[in-house]
Amino acid sequence: MRKLANEELNRLEVDEFKKVKKNPIVLVLDNVRSMNNVGSAFRTGDAFLIEKIYLCGITAQPPHREINKTALGATETVNWKHFENTLDAVEDLKKEGYQILSVEQADDSLSLENFTPKSDKKYAFVFGNEVYGVDQEVVDNSHHCLEIPQFGTKHSLNISVSIGVVLWHSVLKGGMAR
């Protein structure tokens, strides 16, 4: 077995990425503290061809050295917008026909393995602050909560890991991969 060289991966160039049809997914980062997590959201969003990222509240915005460290250029490919208030972002997305899904541990949440995205729907996944999670008001204004099953002693996954798990599941199970 031989590792592939970067040139053999057939990745899109930046101008090609901007023109290609995106998966109908928006990431909403609700007061995320870590700029490394923000950069990882961009990089993972690029990998799964999402439409855009909404950076809300205290969530840092590009350009910033700490974001770029983990984004590795994805801030140049994935569209983004800043909102002072996450609820404003949620309302904006609802008006555009997105299903709002907070990724949070909540009563009556839907376990991720039971979530089957539909290819004719648009989804906005809300990820919360590293300590406090998604704000309760945002949860209240979501259509549903998705929960990633966990089996160890910790109460949560890092937001960058959660984004990867949710996007991988949604794009592949929803038949969105190109």
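The values are calculated or read from the model by the stated rules, or taken from the named source; none is laboratory data. Computed from a predicted model, the values in this text were never measured in an experiment. Here Cβ is always computed from backbone atoms with ideal geometry, including for glycine, and neighbour counts include all displayed protein chains. Please note that ligands, DNA and RNA were not included when accessible areas were found on the heavy atoms of the full protein model with its side chains. Shrake-Rupley method; radii C 1.70, N 1.55, O 1.52, S 1.80 Å.
Around Arg43, with a cut-off of 14 angstrom between Cβ atoms, what is the net charge of the other residues, counting Lys and Arg +1 and Asp and Glu -1? Summing Lys/Arg as +1 and Asp/Glu as -1 gives -1.
The simple Förster model, with R0 at 30 Å and r as the Cβ-Cβ distance, assigns Ser156 and Val14 a FRET efficiency of 0.35. Of the peptides 88-99, 18-29, the order by per-residue mean of other Cβ atoms within 10 Å, starting with the highest, comes out as 18-29, 88-99. Counting 0.36 nm for each residue step from Glu76 to Ser119 and taking away their Cα separation leaves a gain of 12.8 nm.
Sort 125-133, 35-43 by the packing proxy (mean of other Cβ within 10 Å over each peptide's residues), most packed first.
My ranking of the peptides, most packed first, is 35-43, 125-133.
Matching the structure-derived volume of the Cα convex hull per residue in Å³ against the labelled list [x] 113; [y] 141; [z] 133 gives the label [y].
Dipole magnitude for the chain: computed about the Cα centre from +1 point charges on Lys and Arg Cβ and -1 point charges on Asp and Glu Cβ, it is near 780 debye. The angle between the Cα long axis of helix 86-95 and the longest principal axis of the Cα atoms of the chain comes to about 80 degrees, rounded to the nearest 10. With contributions of -39500 (n - 2.57) from each DSSP H run of at least four residues, the per-residue ellipticity at 222 nm computed over the chain stands at -9000 deg cm²/dmol. The solvent-accessible area of Glu7, taken with every protein chain present and a 1.4 Å probe, is close to 150 Å².
Set the Förster radius R0 to 45 Å, insert the Cβ-Cβ distance between Asn141 and Arg2 as r into 1/(1 + (r/R0)^6), and round the FRET efficiency to 0.05. So the FRET efficiency works out to roughly 0.35.
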